[in-house]
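Encoded as structure tokens, the structure appears first; notes follow it.
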Amino acid sequence: MQAIQAFLAADMQRVDEVIRARLHSEVALVSQVSEYIIASGGKRLRPALVLLSAGALDYQGIHHYELAAVVEFIHTATLLHDDVVDESSLRRGRETANALFGNAASVLVGDFLYSRAFQMMVGVGQMRVMDVLSDATNIIAEGEVLQLMNCNDADISEDDYLQVIRYKTAKLFEAAVRLGAILGGADAATEEAMAHYGMHLGTAFQLIDDVLDYSGDHTEIGKNVGDDLAEGKPTLPLLYLLKHGTAEQAKMVRHAIENGGLEVFEPILAAIQVSGALDYTRSQAQREVDLAIAAIAVLPESQYKLSLIALAEFAVSRSY
């Protein structure tokens, strides 16, 4: 990841300049909350995907900077809303905006970021760009609702869970890569291939997040270990343990999902770590990464393509 960040450093600086300029608001609280969120770090994966995919197709313009910022604004808006819904207190190792500024400010500033993103995408002047981003934001919202419906439901299938991931998380990865392809003038087949790369990459990232929720260090992953269990979210390691664990383990997991809370976190953590649940989830993530890398075989060889491959490999090897 450091090598990719170094490769993109100059371009990412341009994106950051756009972000800072576009965050300006005459309403002080909007600027304050937006600045807090944007400055709190993060891997900037989605903007990087816009830059890398545009570069892989030899795009020579400047619209990729604007669209990289748009994608980051949409992502940040979803985080603001997510943290309110989940009642989260920690993200990226810092207090969440809702913990610091309150739920109302977080929701409303999230709305500001969404609307600012749409102002910016109109400025690019391509209907296809608006089509991709409006579709993505709508599907992400559906994914949020699906996840809410699945909370405290121990009977969802693995396919049901993967659908939530594809909607809620992977769709913005897919859109980011597709935007670069559009800017680069890709033909329909190449655009679809790159979209598949983004979808599989985003799925892999979320699956590894599921793993890290039971195996990560909260100082590295930037959130409280066990948050998903506390919220009654039936993630893949839990679904695996429900299906393949002992009757006693399955009963314990079912109770935890249906009721939320961390009362049985330690025994569930111990069961997950010896059951093969984490290995299984990692293997599913690796499968997604393999599919992502295969999808971009159509791209010409370049440092951008190598970086896309490296980013996919980072998705499963990371510890944060």
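Can you spot a residue in the range 207-220 that is crowded, with 18+ Cβ neighbours inside 10 Å and at pLDDT 95 or above?
Scanning the range 207-220 turns up at least one residue that is crowded, with 18+ Cβ neighbours inside 10 Å and at pLDDT 95 or above.
Quick one: in the range 91-123, of everything that is hydrophobic (A, V, I, L, M, F, W, C) and farther than 18 Å from GLN32 by Cα, which residue is farthest from the chain's Cα centre (by Cα)?
Residue satisfying both the conditions and the ranking: VAL122.
Out of the residues in the range 298-320 that are of a type in the set (A, V, I, L, M) and in contact (Cβ under 8 Å) with a residue 24 or more places away in the chain, which is surrounded by the fewest Cβ atoms within 10 Å (Cβ to Cβ)?
Looking at residues that are of a type in the set (A, V, I, L, M) and in contact (Cβ under 8 Å) with a residue 24 or more places away in the chain, I get VAL298.
May I ask you to verify whether TYR161 is in a helix (DSSP H, G or I), at pLDDT 95 or above and either among the hydrophobic types (A, V, I, L, M, F, W, C) or crowded, with 20+ Cβ neighbours inside 10 Å (or both)?
The answer is yes for TYR161.
On the basis of being touching a helix residue (DSSP H, G or I) at 6+ places or on another chain (Cβ under 6 Å) and buried (at least 21 other Cβ atoms within 10 Å of the Cβ), does PHE73 make the cut?
yes
Of (1) closer than 14 Å to HIS64 by Cα; (2) surrounded by 14 or more Cβ atoms within 10 Å (Cβ to Cβ); (3) of a type in the set (A, V, I, L, M, F, W, C), VAL33 satisfies all except one. Which?
(1)
The values are calculated or read from the model by the stated rules, or taken from the named source; none is laboratory data. Small disclaimer: the values here were computed from a predicted structure and weren't measured. Every residue, glycine as well, gets a Cβ built from its backbone with ideal geometry; the counts of neighbours run over all protein chains shown.
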